[in-house]
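K.L.:
Shown below is the structure under consideration.
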Amino acid sequence: MKPRAVADTDLVRACCRQPVSRTPVWFMRQAGRSLPEYRAARGEGSILSAIGDAALAAELTLQPVRRYGVDAAILFSDIVVPVHAIGFGVDVEPGRGPVVASPFRSAHDLERLRPLEPEADVPYVAEAVRLVSKELDGSGVALIGFAGAPFTVASYLIEGGPSRTFTLVKSLMHSDPDLWDLLMARLVALAVASLRSQIQAGVQVVQLFDSWAGALSPGEYARFVLPATRAVFEGIADLGVPTILFGVGTGELLGLMGTAGSDVVGVDWRVPLHEARARIGPGHAVQGNLDPALCVGPWPMVERATRAVLSSGKADGSGTGHVFNLGHGVLPESDVGILGAVVDLVHAESTEE
Ligand code: 1CP
């Protein structure tokens, strides 16, 4: 058994499948363009410079907690921050996402992926964690840290930007599996170093985003991705913090994801939670999975869908081990009033009389 963090928030308790006072709820991409206060605070600069300003990052992290009354804040950062910080040459283009000037092509490029020294390379991350923790102390709201999973980060490094087909990534993994394994090992080390430093600075839960894993077949996932994902969880297990593994379009991968070593598996909107639990297997909590497209409104439709997720999430009978979330990130055009109403409904419906 790995040591456990002090279970002092509903989020931590739900991740560990312990009884909760009410079902905890937060939203992926809860900070960002859907919030007017985000647009006002962030201005026009690059997102990487906002992340590098610890006071601003802390403020952007806390905005959705104040606005929605969610049970968790997620650190305002990005999955490409470690590779950017060690000088791989990654930028984040507004409206597009991460772009790489000189993508990963050969064994020579491994040298561009040196180990991360969090205190020297990303001091602003731990500083933002400390600032947010001070604000949240005693509030019952948890702070979530995160990293990009090796596969999803590799997809940006190899494709050079967002991709729909992952042609170059698949070509590399199949044609040069030895190089692929060396690349995965470097990205495991980056994720582990980043997560360890966030945990040591005070985050209470961590999420590993393998957002694009759903592009892979089960065979590809098992051979090329699962070992690295497992190695990330093994690399932080001694710290005793609950862990969440999330990807989109992973219906056929949930059974394998259940063997990666996380406490919680995140599920997108394509698979109902009771079905997802059966595929993931025993011993895990689930997170999800309201369709973000439905949150654009109108309320009666969102209300029905929210109740359906709550009832499906309860399907193991105990009502424990469910973290309410969207199936993927908040869409920029979402109605903030509706998202707030979802939080209120989840809390009201799950509070014991
Ligand atoms: O300038 C901006 O405001 C651009 C939008 C944006 C934001 C708000 C980007 C660019 N990154 C972020 C912050 C961010 N990124 C957070 C913290 C905010 C919060 O969640 O409340 C987090 C957790 C991430 C993680 C992230 N970045 C993921 C995994 C989550 C997911 O949505 O699947 C991924 C895939 C990225 C890459 C990325 N960064 C930004 C964009 C637009 C993208 C996706 C690009 C693509 O479609 O491939």
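K.L.:
Can you find even one residue in region 244-252 that is among the charged types (D, E, K, R) and out of contact with any Ser or Thr (no Cβ under 8 Å at 6 or more places or on another chain)?
P.N.:
No: zero hits.
K.L.:
Can you tell me which residue among V122, V90 is under 24 Å from V203 (Cα atoms), within 15 Å of the ligand (Cβ to nearest atom) and crowded, with 22+ Cβ neighbours inside 10 Å?
P.N.:
Of V122, V90, the one residue that is under 24 Å from V203 (Cα atoms), within 15 Å of the ligand (Cβ to nearest atom) and crowded, with 22+ Cβ neighbours inside 10 Å is V122.
K.L.:
Something else about it: Pairs under 8 Å by beta carbon, first residue of a type in the set (F, W, Y) in region 122-148, partner assigned to a strand (DSSP E or B) and within 14 Å of the ligand (Cβ to nearest atom), six or more apart or different chains?
P.N.:
F146/I74; F146/V206; F146/Q207; F146/L208; F146/F209
K.L.:
Can you name the residue in region 135-159 that is within 10 Å of the ligand (Cβ to nearest atom) and either under 21 Å from A222 (Cβ atoms) or of a type in the set (D, E, K, R) (or both) and is also most open to solvent (accessible area, probe 1.4 Å) among such residues?
P.N.:
E159
K.L.:
Then there is this: Just to be sure I understand the filter: pairs with C-beta atoms under 6 Å, separated by 6 or more residues or on different chains, first member in region 59-84 and touching a residue at least 60 places away in the same chain (Cβ under 8 Å), second member surrounded by 24 or more Cβ atoms within 10 Å (Cβ to Cβ) and charged (D, E, K, R). Which pairs pass?
P.N.:
The qualifying pairs are D71/D10.
Yes/no matrix, rows are residues, columns are (1) surrounded by 19 or more Cβ atoms within 10 Å (Cβ to Cβ); (2) within 8 Å of the ligand (Cβ to nearest atom); (3) more than 23 Å from V99 (Cα to Cα):
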residue: P19; (1), (2), (3): no, no, yes
residue: P24; (1), (2), (3): yes, no, yes
residue: G32; (1), (2), (3): yes, yes, no
residue: L35; (1), (2), (3): yes, no, yes
residue: L48; (1), (2), (3): no, no, no
residue: I51; (1), (2), (3): yes, yes, no
residue: A58; (1), (2), (3): yes, no, yes
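K.L.:
Yes or no: R39 open to solvent by 40 Å² or more (accessible area, probe 1.4 Å), farther than 30 Å from G161 by Cα and within 16 Å of the ligand (Cβ to nearest atom)?
P.N.:
Spelling it out, it is not the case that R39 is open to solvent by 40 Å² or more (accessible area, probe 1.4 Å), farther than 30 Å from G161 by Cα and within 16 Å of the ligand (Cβ to nearest atom).
K.L.:
Scan region 259-279 residue by residue and report those that are in contact (Cβ under 8 Å) with a residue 40 or more places away in the chain and open to solvent by 50 Å² or more (accessible area, probe 1.4 Å).
P.N.:
Within region 259-279, W269, R270, P272, H274 meet the criteria.
K.L.:
Moving on. Quick test for you: out of L208, L245, L256, L216, pick the one residue that is without any contact (Cβ under 8 Å) to a residue 40 or more places away in the chain and either among the aliphatic types (A, V, I, L, M) or open to solvent by less than 10 Å² (accessible area, probe 1.4 Å) (or both).
P.N.:
Answer to the selection: L256.
K.L.:
Can you go through P64, P103 and tell me which one is under 25 Å from S171 (Cβ atoms) and either touching a helix residue (DSSP H, G or I) at 6+ places or on another chain (Cβ under 9 Å) or open to solvent by 40 Å² or more (accessible area, probe 1.4 Å) (or both)?
P.N.:
Every option except P103 fails the conditions.
K.L.:
Here is a further query. Go through (1) open to solvent by 20 Å² or more (accessible area, probe 1.4 Å); (2) near the ligand (Cβ under 10 Å from one of its atoms); (3) at pLDDT 95 or above one by one and return the number of the condition A73 breaks.
P.N.:
Going through the list (1) open to solvent by 20 Å² or more (accessible area, probe 1.4 Å); (2) near the ligand (Cβ under 10 Å from one of its atoms); (3) at pLDDT 95 or above, A73 breaks only (1).
Per-residue answers, yes or no, for (1) closer than 26 Å to T23 by Cα; (2) over 20 Å from the mean Cα position of the chain (by Cα):
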position	(1), (2)
G45	no, yes
L48	no, no
I51	no, no
R66	yes, yes
A72	yes, no
A85	no, no
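K.L.:
Suppose the filter is open to solvent by 10 Å² or more (accessible area, probe 1.4 Å), modelled with pLDDT of 95 or more and touching an Asp or Glu at 6+ places or on another chain (Cβ under 7 Å); does P227 pass it?
P.N.:
Here the answer is no, as P227 does not meet what is asked.
The values are calculated or read from the model by the stated rules, or taken from the named source; none is laboratory data. As the structure is a computational prediction, the values presented were derived from the model and not from experiment. Here Cβ is always computed from backbone atoms with ideal geometry, including for glycine, and neighbour counts include all displayed protein chains. Accessible surface areas use protein heavy atoms only, side chains included; no ligands, DNA or RNA. Shrake-Rupley method; radii C 1.70, N 1.55, O 1.52, S 1.80 Å.
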